[in-house]
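First the structure, in the form of structure tokens, and then the observations on it.
The values are calculated or read from the model by the stated rules, or taken from the named source; none is laboratory data. Source: prediction; values computed, not measured. No Cβ is skipped: glycine too gets one built from the backbone with ideal geometry, and neighbour counts run over all protein chains shown. Side chains are part of the model used for accessible areas, which takes the heavy atoms of the whole protein and leaves out ligands, DNA and RNA. Shrake-Rupley method; radii C 1.70, N 1.55, O 1.52, S 1.80 Å.
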Amino acid sequence: MTEFVKEITAADFQKEVLDAPRAIVDFYSTECPPCEALASKYDALSEIYGEYVPFIKIFRQGNRELATELDVTGSPTVLFYEKGKIVGEKLTGGVKRSDLMKNIEALLSEKEIESARKKIVPVETETDVVILGGGPAGLTAGIYLAQAHVKTILVDTALPGGYVATTHQVSNYPGFIDAQQGVMLSHYMSEQAKANGVEFRAAVEVNSVDLEGRTVTIDGVETIHAKRVVIATGSRPRPLGLPGENEYRGNGISYCATCDAKYFEGKDVVVIGGGNSAVEETLFIAKFAKKITMVHQFDHFQANKVAQDSLRKLDNVEVLFEHEPREFKKYATMDMGVVVENLKTKEMKELRTNGIFVFVGFLPNIEMFKEGLELDQWGYLMANNDMETNIKGVYAVGDVKTKQYRQITTAVADGTIAAIAISKGL
């Protein structure tokens with residue numbers, strides 16, 4: 001911590017926070033990757049704004065009563081106070097520097113903001129390899145590179161773990177007899193990467209990427225210069241592009257069972273899709289929902305046989321084969337409608353439900369790369385056997401890369417190959 005950050009306990013809260021004109025409070029935990037990601041930003045911003053507003057840290061587990069009183073249920077949680085009252089946003093999880101700055105500056109005068117911003121100094125960092133993305137592919141590449149004594153920085157706009165971190169259980173990853181929670185498997189990988197010396201820049205904003213020049217600028221402050229770049233940005237759930245989808249995304253329509261299934265205890269839900277993700281996530285949702293109606297365009301599932309066999313054993317799942325959704329509607333909280341078409345008869349009907357989950361595939365995350373990369377017909381990155389793209393010194397691994405099968409095991413294989421190729425070439 002810097003001289004501008006002060007750690008207190010609940011006993012000091014009245015004096016240091018409530019009686020102060022303004023204050024920022026970070027409730028943190030130990031062994032908490034999001035807390036570690038926040039700590040460096042919190043320290044850096046205290047050097048800039050600490051002259052005008054106190055930066056406070058409170059150990060959440062050691063001050064449970066206070067945390068409960070303030071409805072602080074996760075770590076980290078950052079609260080902003082003015083004249084003893086909470087103001088601004090309640091920031092939790094992967095807290096971004098820009099969100100911290102926005103809420104801090106809302107407490108300050110224009111003169112104070114102008115003075116503070118003069119302290120912001122751009123940083124230039126040299127490294128051997130910069131990895132963009134912290135899913136299994138990026139983390140594996142980092143582990144191999146660090147073990148080969150290649151200086152490596154991993155940059156992620158979220159927290160390390162990738163999409164796997166939102167998966168309920170992973171039962172086919174080698175080395176584990178019992179199925180593993182996706183979030184824990186991701187955690188093991190990221191901790192292994194850290195232990196081997198990979199530097200992390202987590203929950204950051206990527207302002208620009210120059211692949212030819214191999215530079216990456218993050219948070220508007222740090223420019224990383226690398227000898228090699230590994231693109232491991234993964235993919236995201238594919239939207240259906242139907243009326244009502246954007247409007248009700250996160251407000252009745254979900255793409256993450258692990259995140260949202262718990263809110264549908266004893267409720268009815270509709271699942272769109274019939275591939276691996278749709279069937280496997282339905283198995284998880286079924287632990288909470290009273291009834292699930294699956295809507296699938298084909299006359300059979302495309303999921304693996306084990307998942308299908310497990311699904312057939314459930315008595316709260318109904319499947320509408322050869323149907324497609326055409327529109328989403330919302331009538332009230334927990335009251336949604338899905339208009340579906342019978343592909344055989346062309347008949348349209350509406351399904352009333354409490355919530356909707358969409359699992360119909362993925363799209364590659366390549367928006368941060370302006371141009372120059374060779375793509376396949378679906379927009380995924382092309383790469384050779386060493387995982388190198390058409391731009392020399394730039395590699396693509398994991399779900400962002402064109403391939404026949406997208407699994408955790410194929411992602412870590414890509415990361416391994418790219419890391420070995422880079423290690424031999426440097």
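Set side by side, the residues Leu139, Leu154 differ, and just one is within 20 Å of Cys32 (Cα to Cα) and part of a helix (DSSP H, G or I), which is Leu139. Highlighted here are the strands (runs of 3 or more DSSP E) found entirely within the stretch 277-390 that include at least 2 residues which are under 26 Å from the mean Cα position of the chain (by Cα) and within 22 Å of Tyr248 (Cβ to Cβ): 355-358, 362-364. You will find that of Val87, Val72, the residue that is out of contact with any Asp or Glu (no Cβ under 6 Å at 6 or more places or on another chain) and free of Cβ contacts under 8 Å to residues at least 24 places away in the same chain is Val87 and no other. Among the residues of the stretch 1-50, those that are of a type outside the set (A, V, I, L, M), touching a residue at least 60 places away in the same chain (Cβ under 8 Å) and over 24 Å from Ala158 (Cβ atoms) comprise Asp19, Pro21, Arg22, Glu47, Tyr49. The set of residues in the stretch 173-202 that are hydrophobic (A, V, I, L, M, F, W, C) and within 14 Å of Leu132 (Cβ to Cβ) comprises Val198, Phe200, Ala202. Residues in the stretch 220-237 that are open to solvent by 30 Å² or more (accessible area, probe 1.4 Å) and modelled with pLDDT under 95 were compared, and the one that is nearest to Pro364 (Cα to Cα) is Arg236. Each residue in the stretch 248-266 was checked for being crowded, with 16+ Cβ neighbours inside 10 Å, in a loop (DSSP other than H, G, I, E, B) and more than 16 Å from the chain's Cα centre (by Cα), and 1 of them qualify. Taken over the stretch 160-183, the criterion of being in contact with a strand residue (DSSP E or B) (Cβ under 9 Å, 6 or more places away or on another chain), of a type in the set (A, V, I, L, M, F, W, C) and modelled with pLDDT of 85 or more is satisfied by Val164, Phe176. Going by the conditions given, is Ala303 open to solvent by less than 60 Å² (accessible area, probe 1.4 Å) and free of Cβ contacts under 8 Å to residues at least 12 places away in the same chain? The answer is no for Ala303.
Scanning the stretch 391-403 for residues that are touching a Lys or Arg at 6+ places or on another chain (Cβ under 8 Å) and either more than 30 Å from Lys262 (Cα to Cα) or in a loop (DSSP other than H, G, I, E, B) (or both) yields Gly393, Val394, Tyr395. The number of residues in the stretch 72-107 being over 27 Å from Pro160 (Cβ atoms) and assigned to a loop (DSSP other than H, G, I, E, B) comes to 4.
Within the stretch 238-247, one or more residues are open to solvent by 20 Å² or more (accessible area, probe 1.4 Å), out of contact with any strand residue (DSSP E or B) (no Cβ under 8 Å at 6 or more places or on another chain) and not acidic (Asp, Glu). Gly213 falls short on exactly one of the conditions (1) within 29 Å of Ile391 (Cβ to Cβ); (2) small (Gly, Ala, Ser); (3) touching a residue at least 40 places away in the same chain (Cβ under 8 Å), and that condition is (3).
Restricting the stretch 69-113 to residues that are open to solvent by 50 Å² or more (accessible area, probe 1.4 Å) and touching a helix residue (DSSP H, G or I) at 6+ places or on another chain (Cβ under 6 Å), the residue that is nearest to Asp156 (Cα to Cα) is Glu89.
Figure legend. Inter-residue proximity from the stretch 116-133: first residues open to solvent by less than 50 Å² (accessible area, probe 1.4 Å), second residues among the basic types (Lys, Arg) and in a loop (DSSP other than H, G, I, E, B), beta-carbon distance below 8 Å, spacing 6+ or different chains. Indicated pairs: Thr127/Lys151; Asp128/Lys151; Val129/Lys151; Val130/Arg214.
For the stretch 251-291, what are the residues that are among the aliphatic types (A, V, I, L, M) and over 10 Å from Phe357 (Cα atoms)? Once the filter is applied, which keeps residues that are among the aliphatic types (A, V, I, L, M) and over 10 Å from Phe357 (Cα atoms), the stretch 251-291 yields Val279, Leu283, Ala286, Ala289.
Taken over the stretch 57-71, the residue count meeting the criterion of being part of a helix (DSSP H, G or I) and charged (D, E, K, R) is 3. Please give the number of the condition Gly182 fails out of (1) within 20 Å of Ile366 (Cβ to Cβ); (2) surrounded by fewer than 23 Cβ atoms within 10 Å (Cβ to Cβ); (3) in contact with a helix residue (DSSP H, G or I) (Cβ under 6 Å, 6 or more places away or on another chain). Among (1) within 20 Å of Ile366 (Cβ to Cβ); (2) surrounded by fewer than 23 Cβ atoms within 10 Å (Cβ to Cβ); (3) in contact with a helix residue (DSSP H, G or I) (Cβ under 6 Å, 6 or more places away or on another chain), Gly182 violates only (1). Among the numbered conditions (1) surrounded by fewer than 22 Cβ atoms within 10 Å (Cβ to Cβ); (2) within 26 Å of Ala165 (Cα to Cα); (3) of a type in the set (S, T, N, Q), the only one that Asn63 does not meet is (2).
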